[in-house]
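The values are calculated or read from the model by the stated rules, or taken from the named source; none is laboratory data. Only a predicted model underlies this, so the values are computations on that prediction, with no experimental measurement involved. As a convention, Cβ positions derive from the backbone with ideal geometry for all residues, glycine included, and neighbour counts pool all protein chains shown.
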Amino acid sequence: MSNVASPLPTYDYAPAPLGTGRRAAVLGSPIAHSLSPVMHQTAYAELGLRDWVYDQAECDAAALPAMLAALDEEWAGLSLTMPLKQAVMAHLDVIEPQAEVVGGVNTVIVQHTGASRLLIGANTDVHGIVAALREVTSPQWAPRRAVILGAGATAASTLAALAQLGITGSTVLARNPGRAAPLQLAAHRMGVTIRVRRWSDHAAAARELRGADVVISTLPAGAADELAGALDATLAGGGLADDQALLDVVYDPWPTPLARSWQRAGGTVASGALMLLHQGAEQVRLMTGRIAPIERMRVALDAEITARAAGPQHVPAEHSG
């Protein structure tokens with residue numbers, strides 16, 4: 001059993017040489033909505049990696065082995081979104097410890113040594129969650145009670161992030177607790193405990209949230225809207241302290257009804273865009289060996305989200321990069 005109450009090792013890779021063109025991309029299905037190219041290409045330009053290119057490619061689990069086999073010396077790495085985070089693990093040479101215990105990889109680093117090639121799997125979602133919450137809370141923030149909404153793949157990364165924040169026991173609200181078995185296994189690997197409760201009564205769920213120091217919603221857009229109404233009724237426009245934090249992984253539309261309810265009651269909110277930004281910055285560091293220019297990435301990401309929100313289609317939530 002692994003324990004992630006303390007952060008697992010952070011790995012460093014050799015800085016990419018300037019003037020040497022490399023490739024990277026985000027894979028997933030669907031992928032047309034991805035904001036990762038905007039962030040990564042901005043980072044490359046700021047870092048002087050002007051010959052680097054970051055693309056996106058439609059890829060499901062069946063097509064993944066061929067995509068991985070084609071990664072030649074030009075490739076620096078891949079970002080992975082659904083449905084590839086678990087499927088990729090069987091095809092990697094090395095999986096970093098954090099990704100192993102979480103049970104999901106959202107980043108592949110391609111390492112070349114002579115004629116040899118290593119595919120290394122990492123998870124930057126955990127970093128993204130921790131950094132997003134740390135950005136909106138005070139340096140003294142020390143949460144003790146956590147509630148997670150949803151029991152899917154993102155919930156496992158959330159457990160690891162909460163453990164790094166010092167929380168080793170969390171409540172998980174799930175519509176179908178029977179599907180939480182993979183999350184239970186992930187919790188066992190991490191050495192943390194979870195209490196899975198059926199989410200069928202919005203008022204009861206709202207009461208659970210009211211008593212939490214930190215709430216992380218891993219649900220897709222719209223799935224927590226009815227809960228937001230129950231939360232308004234429970235809190236009657238107040239009742240939360242400003243050190244009670246909510247992270248909603250959705251970033252469009254923003255703010256979500258749940259985020260608005262939390263803010264109206266006096267709590268602090270972090271958006272899914274913050275998580276996306278910080279996990280993407282960590283991917284840049286892993287793939288290039290350089291510290292990501294996060295403020296430039298933030299400006300580019302915010303501008304793209306604003307532009308898309310003004311267009312005919314909204315951007316769906318993305319949890320990986």
Condition check: farther than 15 Å from Leu84 by Cα and either outside the structural domain of Arg198 (by TED's automatic domain parsing) or among the hydrophobic types (A, V, I, L, M, F, W, C) (or both). Does Ala160 satisfy that? yes
Taking region 90-128 and keeping residues among the small types (Gly, Ala, Ser) and more than 25 Å from Val249 (Cβ to Cβ) leaves Ala90, Gly114, Ala115, Ser116
Tell me yes or no: at least one residue of region 203-219 is crowded, with 24+ Cβ neighbours inside 10 Å, among the polar types (S, T, N, Q) and not in a helix (DSSP H, G or I). yes
Checking Ile305, Ile291 in turn, the sole residue that is without any contact (Cβ under 8 Å) to a residue 12 or more places away in the chain, out of contact with any strand residue (DSSP E or B) (no Cβ under 9 Å at 6 or more places or on another chain), outside the structural domain of Thr256 (by TED's automatic domain parsing) and not charged (D, E, K, R) turns out to be Ile291
Quick one: Asn106 ticks every box in (1) crowded, with 24+ Cβ neighbours inside 10 Å; (2) without any contact (Cβ under 8 Å) to a residue 60 or more places away in the chain except a single one, so which number is it? (2)
Are there any pairs with C-beta distances below 7 angstrom linking a residue in region 203-221 that is without any contact (Cβ under 8 Å) to a residue 60 or more places away in the chain to a residue that is among the small types (Gly, Ala, Ser), with the two at least 6 apart or on different chains, and if so which? Ala203/Ala230; Ala205/Ala230; Ala206/Ala230; Arg210/Gly239
Pairs, please: C-beta under 9 Å, at least 6 apart or cross-chain, first residue in the same structural domain as Asp72 (by TED's automatic domain parsing) and loosely packed, with under 14 Cβ neighbours inside 10 Å and in region 109-138, second at pLDDT 95 or above and charged (D, E, K, R)? Leu118/Asp93
Of the residues that make up region 96-108, is at least one modelled with pLDDT under 95, more than 14 Å from Leu183 (Cβ to Cβ) and of a type in the set (Ser, Thr, Tyr)? no
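Here's the yes/no breakdown for (1) crowded, with 17+ Cβ neighbours inside 10 Å; (2) touching a residue at least 24 places away in the same chain (Cβ under 8 Å):
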site: Ser34; (1), (2): yes, yes
site: Ala57; (1), (2): no, yes
site: Ala70; (1), (2): no, no
site: Met82; (1), (2): yes, yes
site: Lys85; (1), (2): yes, yes
site: His91; (1), (2): no, yes
site: Ile95; (1), (2): yes, yes
site: Val102; (1), (2): yes, yes
Would you please name the residue that is surrounded by the fewest Cβ atoms within 10 Å (Cβ to Cβ), looking only at residues in region 186-196 that are touching a helix residue (DSSP H, G or I) at 6+ places or on another chain (Cβ under 7 Å) and in a strand (DSSP E or B)? Thr193
I'd like to know if region 210-217 contains one or more residues that are farther than 18 Å from Asp125 by Cα and in contact with a helix residue (DSSP H, G or I) (Cβ under 9 Å, 6 or more places away or on another chain). yes
I'm trying to understand the selection: among the residues of region 288-321, which are at pLDDT below 95, among the small types (Gly, Ala, Ser) and in a helix (DSSP H, G or I)? Ala307, Ala309
Check whether at least one residue in region 172-182 is under 16 Å from Gln86 (Cβ atoms) and of a type outside the set (Gly, Ala, Ser), and report yes or no. yes
